[in-house]
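Remarks on the structure that follows.
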Amino acid sequence: MSLVTAFVASMHAQAAPMIGQETITIGATSISCTLAEIGDSKDFGNGGFEKTKTLTAVCLTTALPATEIIKKAATARGEAFRVEGISRGAVFSTITLEQVTKA
């Protein structure tokens, strides 16, 4: 671990309670993350209009499970999502959750 990585991880431990963290559950794994606001959109898709909700979660990379999580069911803020994407960084990772409801 580099000095910068160690510093960021250490400062995150102090800042996380002030920033606020919420739990997302992916499968049987619960992860503390900082969540953005839920975004709503209504796009025209293959079967008509599809209402889509997205939520971005940032967590420590070390908190992610070692198993594959793309397309797995997830729960955040009491709503059901699926993991649409993940961007892994040295210290932090961004998880993109998506919920699609056909209108």
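Assorted remarks:
- In the chain, the longest principal axis of the Cα atoms and the axis of helix 3-19 are about 60 degrees apart.
- Residues whose placed amide H lies under 5 Å from that of Lys72, excluding near-sequence neighbours: Val83
- Per-residue Karplus couplings for segment 29-37, computed as 6.51 cos²θ - 1.76 cosθ + 1.60 with θ equal to phi - 60°, are listed in order as 9, 9, 10, 7, 9, 9, 9, 7, 7 Hz, Gly and Pro entered as x.
- Sorting 50-59, 71-80 by their mean Cβ neighbour count within 10 Å, with the most densely packed peptide first, gives 50-59, 71-80.
- In terms of overall dimensions, the C-alpha atoms belonging to segment 61-102 reach 36, 17, 16 Å along their principal axes, ordered largest to smallest.
- Convex hull volume of the C-alpha atoms in the chain, normalised per residue: 106 Å³.
- Annotated for the chain: lysine pairs at least 8 residues apart or interchain, Cα distance under 13 Å, count 5.
- Theoretical FRET efficiency, 1/(1+(r/R0)^6), r = Cβ-Cβ of Val58 and Ala28, R0 30 Å, to 0.05: 0.90
Each reported figure results from applying straightforward, stated rules to the coordinates on display, with no laboratory input. A quick note: this is a predicted structure, and the numbers were derived from the prediction, not measured. For neighbour counting, all protein chains shown are included, and Cβ atoms are generated from backbone atoms with ideal geometry for every residue, glycine included.
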